[in-house]
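The values are calculated or read from the model by the stated rules, or taken from the named source; none is laboratory data. What you are looking at is a predicted structure, and each value in this text was computed from that prediction instead of being measured. As a convention, Cβ positions derive from the backbone with ideal geometry for all residues, glycine included, and neighbour counts pool all protein chains shown. Areas reflect the complete protein model, heavy atoms only, side chains present, ligands, DNA and RNA absent. Shrake-Rupley method; radii C 1.70, N 1.55, O 1.52, S 1.80 Å.
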Amino acid sequence: MYKQVLASLMVFYICIFQVFAQEGPNLGVEATVEEVEAWDISIGPDGVGLPEGSGTVLEGADIYAIKCLACHSEQGQGQINDRLAGGHGTLSGPAPIKTVGSYWPYATTVFDYIRRAMPYLQPQSLTNDEVYAVTAYILFLNGIVNEDQTMNSQTLPGIQMPNREGFRLAYP
Amino acid sequence: MESNFGGIVESKSKRIEESVAGNGLLHRRVFLTQAGSIFGVGTMGMLGSETTNAQNMQGRPAWMQSPGKGVGAYGTRARFEDHVQRTAGSAPGTTGAGASRTPLQHLEGIITPNSLHFERHHSGIPEIDPNEHRFLIHGLVDRPLIFDMDMLSRYPMISKIHFIECSGNSRVSGLIDEPVDQDCGVLHGLVSCSEWTGIPLSILLDEAGVDPSARWILAEGSDSAAMSRSVPMAKAMDDAIIAIYQNGERLRPDNGYPMRLFLPGFEGNTSVKWLRRIKVTAEPTMTKDETSKYTDLLDDGTSLMFTYPMAVKSVITSPSPGLDLNGAGIYEISGIAWSGGGHISKVEVSADGGLTWGEAALSEPVLDRSLTRFRMAWRWNGAPAVIMSRAIDNTGAIQPTRDSIIAEKGMKFAYHYNGIQSWAIDAEGRAVNTYV
């Protein structure tokens, strides 16, 4: 009897709790490590999430010519789409030119974005090596790395972007 | 008959015109007491054509002479309304890296029809089979979880009426050297308002078990750009919704079908459409769309980052460019106001370029982070005039002038512009964008 009352009280409390905490019906299926790895393509500014592989500026130049130049022009000068190189020192002037080199605070974002979204018509078609290479090439076009530099999960997060200190957080 | 500022004038037709501010702004009692009869010359917009009037006179218009069209499975609007369209544009060489803008000047009330809701995509609209769509929550959680749409349909849902606004909205209305000669929808139509129905995100995050070190989430879409944004955990837990319905129907593809994130009051880009993944993180991920884009470049060359809430704003939708006044007389000025900070507490209207202001009536409902409709009676004397509105929200935030914004932030930023919009009306009754 005592146990029954306790049990029904507990049911009662659980119901109350559910009303207030809006607990869900717990229908999600636990994802496996492999599933999460396959889905997780985002890379933090600390480089966590960068895959294995590497690419050089020279390799990147070739890939760029075939897969990017049509929309971003010679040397990343833009036309018909976003300009990717140049504009250094223009942000405080009257006609700022925002490019990967003049504006972006993190080199990891270049890898993350190209891998997920470029080339525009065939996103996620490049191999990780190719993404490293074309990232290296765009950084080279901006004078941020030398012609003989290799980008990989170790070197890329260490790149100091020129406008790294140019942002102020409105949040938090 | 002219009413003087501050005075009360009784016109020939016994109409009480109480002036509330300069150049003909009237207390709206003028409408309440004389409903219908006051539009002496004509209302804004279209009057019936002469033939239609003639038929109406005979009492037997064509559409009364035989039975109308039959019932149907899916509704369409009147063909006479086909001119009401969004204005669309996309990056060169693309069709889906762009925006279409709501024709605000042709809409009334506060709810945007789904077919006219603004769009902003970064790589087109994916066609997602809801049966194959999966949603993953992972990162700093006890248990990474995968959901399908069937599972999600069994969760408790809430419905909220909220606006959503692209933070690039209104930039062209005020941040260009010379006023851009476009209509209200083109200048301000990256805002729309709907009833959103879905699951509080906090329920799903609680089920996954958020680690105490987590401060952010990353939300990622299932479009071909896998568009992604970082959102503060506080927002995710507070009022974020996994929206599945919009204005009663399932989301449309251009608004994220089959599911989107919806963050009330935050810049639209963060309400990631076609949501497929939420990663719980300690720090922001610094994606392209929160660094290269959606950051605000100030005069000194530094930029503001994570400028999430949309500021208080309003615009007069009628009269506005394209909706000409049809001769001197009494008109209702109608417009919308909204704020990401709360609800609208007051809207003031000026008809003399900002010299004097009168308080507009707010149409119910006045909701938190929703469009709010305001109205003001105006006797236009037929002379050139500049009309404008300014909104104030319940936090006390006041919509600023263009000049004060430019003085504070310069003209190099592209997002979160909320300056007062002025329409110059010429002697012919035509309205154009103007700077005062």
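The table below gives the values:
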read-out	value
Pairwise FRET efficiency - A:A65 versus B:E127, Cβ, R0 = 25 Å, nearest 0.05	0.15
Gain on full stretching of the segment that runs from B:T434 to B:T87 - 0.36 nm per residue minus C-alpha separation	122.8 nm
Placed amide H near B:E267: partners under 5 Å, 5+ positions off or other chain	B:M310
Inter-chain Cβ neighbour average for residues A:87-93, partner chain, 10 Å	3
Positive-end residue of A:V33, A:Q79, A:G89, charge dipole of chain A with Cβ unit charges	A:G89
Long-range HN-HN contacts of B:F374 with modeled amide H, under 5 Å	B:G335, B:I336, B:A337, B:S363
Dipole of the stretch B:346-426 [Lys/Arg +1, Asp/Glu -1 at C-beta], most positive-end residue of B:A414, B:P384, B:A424	B:A414
Calculated Rg and Dmax of chain B using C-alpha coordinates, Å	23.8, 76
Table column - 3J(HN,Hα) (Hz), the stretch B:364-379, Karplus curve with 6.51, -1.76, 1.60, x for Gly and Pro	5, x, 9, 10, 4, 6, 10, 4, 10, 8, 10, 9, 8, 8, 9, 9
Distance in nm between pseudo-label sites at A:L27 and B:T95 (7 Å out along the Cβ direction from Cα)	3.5
Simple label model, 7 Å out from Cα along Cβ direction - B:D211 to B:F80, nm	6.3
Simple Cβ-charge dipole of the stretch A:43-165, Lys/Arg +1 and Asp/Glu -1, about Cα centre, in debye nearest 20	420
Hydrodynamic radius of the stretch B:119-287 per Kirkwood, over alpha carbon pairs, in Å	16.5
Of B:K235/B:K288; B:K160/B:K235; A:K67/B:K273, those spanning more than 18 Å from alpha-carbon to alpha-carbon	B:K235/B:K288; A:K67/B:K273
³J(HN,Hα), Karplus 6.51/-1.76/1.60, whole Hz, each residue of the stretch A:125-142, x for Gly, Pro	9, 7, 6, 4, 4, 5, 5, 4, 5, 6, 4, 4, 5, 5, 5, 5, 4, 9
Contact order relative to length of chain A, as percent, for alpha carbon pairs under 8 angstrom and 6 or more apart	28
Rough spin-label spacing in nm, given labels placed 7 Å along Cα→Cβ, for A:D46 and A:S92	3.2
Relative contact order (%) - criterion: Cα under 8 Å, at least six apart; region: the stretch B:269-399	25
Between 0 and 90°, nearest 10: helix A:57-67 axis offset from chain A longest Cα axis	80
Backbone HN-Hα couplings from phi across the stretch B:94-108 [Karplus 6.51/-1.76/1.60, Hz, Gly and Pro as x]	10, 10, x, 10, x, 9, 10, 10, 5, x, 3, 5, 9, 10, 10
R0 of 22 Å, Cβ-Cβ distance A:L121-B:S115: FRET efficiency to nearest 0.05	0.20
Sequence-separation-based contact order of chain B, relative, with Cα cut under 8 Å and 6+ spacing, percent	18
Accessible-area ranking of B:W357, B:W380, largest first, probe 1.4 Å	B:W357, B:W380
A:M118 long-range amide H proximity, modeled H, under 5 Å	A:Q124
Helical contribution to [θ] at 222 nm, DSSP H n ≥ 4, -39,500 (n - 2.57), averaged over chain B, rounded to 500	-2500 deg cm²/dmol
Quotient of Cα Rg and 2.2 N^0.38 Å for the protein assembly as shown, N being how many residues it contains	1.10
Convex hull (Cα only) mean projected area of the stretch B:250-306, reported in nm² to one decimal	5.2
